[in-house]
Amino acid sequence: MAKYAGPEQDPENPSESDVIAITQAARQEQAGWFSVRRMARLLSVSTSGFYAWRKRCSATGPTERQQRRVDLTVKILDVHADSDGTYGFPRITDELHERGEIVNAKTVAAIMAEIGIEGISPRTFKSAPPFRTQPHRSRPTASPGSLTWAA
């Protein structure tokens, strides 16, 4: 007997959950057709590599490395916010070291670039013109009639 497809279910365009269920059923049905060793040889991969890949795909949560990166991101954002957005990666790295975190400056720089934050660079130094109390004037010169000649 055919299953009735209501208005929200189109038989031509199955939902994502239907596709996943069909794919899993097909994998289970076809699992006994070929050995893993033969499929690995045909695909030029090792059997241990296949099993490692399958294990990685079945993992539900983030890996230790991914979790560490997320934790570092939160700590970097915290230090950056505490500095009112002025600290760059060298100062943030130093602050994280003071807090007991072991992290490389390049890692901090990469995470900051990834999340789009940066420190405020100081202004470049410009020397000021010399300070003068009076407007600049040339020295007064003596006129020829004001000179007195002594004989």
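The values are calculated or read from the model by the stated rules, or taken from the named source; none is laboratory data. Predicted model, so just to flag it, every value in this text is computed and none were measured. A quick note on method: Cβ atoms are made from the backbone with ideal geometry, for glycine too, and the neighbour counts reach across all protein chains shown.
Figures for the structure shown
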quantity	calculated
Boolean, Y51 is modelled with pLDDT of 80 or more, of a type outside the set (S, T, N, Q) and in contact with a Gly (Cβ under 6 Å, 6 or more places away or on another chain)	no
Of all residues in region 86-130 being in a helix (DSSP H, G or I) and acidic (D, E), the one that is nearest to R69 (Cα to Cα)	E114
Matching residues in region 73-120 - criterion: being under 25 Å from R56 (Cβ atoms) and crowded, with 17+ Cβ neighbours inside 10 Å	I111
